[in-house]
Amino acid sequence: MVKAGIIGSTGYAGQELVRILLQHPEAEIVWYGSKSYIDKRYSEVFGNMFQIVDDTCMGENIEELADKADVIFTATPQGLCSSLVSEDILKKTKIIDLSADFRIKDIEKYEKWYGIRHQSPSFVKEAVYGLCEINRKDIKDARLIANPGCFPTCTVLSIYPMAKEGLIDMDTVITDAKSGVSGAGRGAKTANLYCEVNESIKPYGVTVHRHTPEIEDQLSYASGRDVLINFTPHLVPMNRGILATSYARLKEKLSYSEVKAVYDKYYKNEYFVRVLDENVFPETRWVEGSNFTDVNFKIDERTGRIIMMGAIDNVVKGAAGQAVQNMNIMFGLEENTGLKIVPMFP
């Protein structure tokens, strides 16, 4: 059994980690970490865990946790994991960080976009970006994983085959994305109150959203050149889900079957990426509660552009599910172990 500890278990992503790991046949949770609820029963924080989890919440003592756990998940705000990680910790256990602390290799870029000082830059180069379908080989032997952000996961998986094959003009990429409110976290914020969100949709983080450099970095690695994009997220009144729609100019005229072959080349054997049938487009309701990414595309012959679309559950494939997928790879388990979760509907 893989012994797992969670720091930040009482946030949305942390609770989703608990839900998934409790059903994982090869994992055992040994630490429910929470700075805000120390000594409080976990089931008092989340009523859905009543008579399922009897443990009490513990603090963020990573030194003690490292002696108990084979892997530590840090589902915490930016800056915390980088303040906790050390060589001594990594000699004892593996870390899968769900924050952005190790996703961006350029320290100055990270500090500029996140507005905080990076506290352990020496580990940034070592950290493996845990987008499983792309970096599987590197993940296998890693001891520190930078679990991707939710918007980057959905956006990059939608665009990656076309970028990797050099079939689109990377200077023309524009992404418009929609997210459910859980993506903003569990903290109390006026802008996320029911009356503020319900019956409305709004753009936010326009030109300054923190996931922008992460998306640009991954598309740069895929295409082999520096990439700048326009990325605009929107908040929609639903609990879960991300829909990302990206636009780019095709470098040459391509047919549907030619582009479909490109997507199949990269995703035909991927359990968690479903390339939909022609003219069937991703919807968040068909991936909710699951670790699936649904993708598809449409060629606009009139404009010479391609529209690339993707849908995920932001707290599963966009956070906790992908983290467990990374854990499975790191410990030599079947990648979909504990993650064969059928999307829930309605």
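Couple of notes before you dig in:
- Some residue of the stretch 6-15 being in contact (Cβ under 8 Å) with a residue 24 or more places away in the chain, more than 20 Å from D313 (Cβ to Cβ) and part of a loop (DSSP other than H, G, I, E, B): no
- If the condition is being buried (at least 22 other Cβ atoms within 10 Å of the Cβ), of a type in the set (D, E) and either on the phi > 0 side of the Ramachandran plot or not in a strand (DSSP E or B) (or both), then the stretch 293-334 contributes only D313.
- Residue check for Y160: at pLDDT 95 or above, surrounded by 24 or more Cβ atoms within 10 Å (Cβ to Cβ), part of a helix (DSSP H, G or I) and among the aromatic types (F, W, Y): yes
- Matching entry among K3, K68 (being in a loop (DSSP other than H, G, I, E, B) and touching a strand residue (DSSP E or B) at 6+ places or on another chain (Cβ under 9 Å)): K68
- Summed over the stretch 1-12, the residues that are in contact with a Lys or Arg (Cβ under 9 Å, 6 or more places away or on another chain) and not charged (D, E, K, R) give a count of 6.
- Flag if G338 is of a type in the set (G, A, S), touching a strand residue (DSSP E or B) at 6+ places or on another chain (Cβ under 7 Å) and in the same structural domain as G180 (by TED's automatic domain parsing): no
- Every test in (1) loosely packed, with under 12 Cβ neighbours inside 10 Å; (2) modelled with pLDDT under 95; (3) under 30 Å from G79 (Cα atoms) is passed by C195 save one, and that test is (3).
- Those helices (runs of 4 or more DSSP H) lying entirely in the stretch 187-276 with at least 1 residues over 22 Å from I174 (Cβ atoms), in the same structural domain as S290 (by TED's automatic domain parsing) and among the hydroxyl-bearing types (S, T, Y): 194-197, 256-267
- Selection of first residues in the stretch 238-267 that are over 30 Å from N192 (Cβ atoms) and of second residues that are in a loop (DSSP other than H, G, I, E, B), restricted to Cβ pairs under 7 Å at least 6 apart or on distinct chains, gives the following pairs, ordered by first then second residue: R249/G304; L250/L167; L250/G304; K251/L167; L254/L167; Y256/E278; V262/E165; V262/L167.
The values are calculated or read from the model by the stated rules, or taken from the named source; none is laboratory data. All of these numbers come straight from a predicted model, not from anything done at the bench. In this analysis, Cβ positions are derived from the backbone assuming ideal geometry, glycine residues included, and neighbour counts consider all displayed protein chains.
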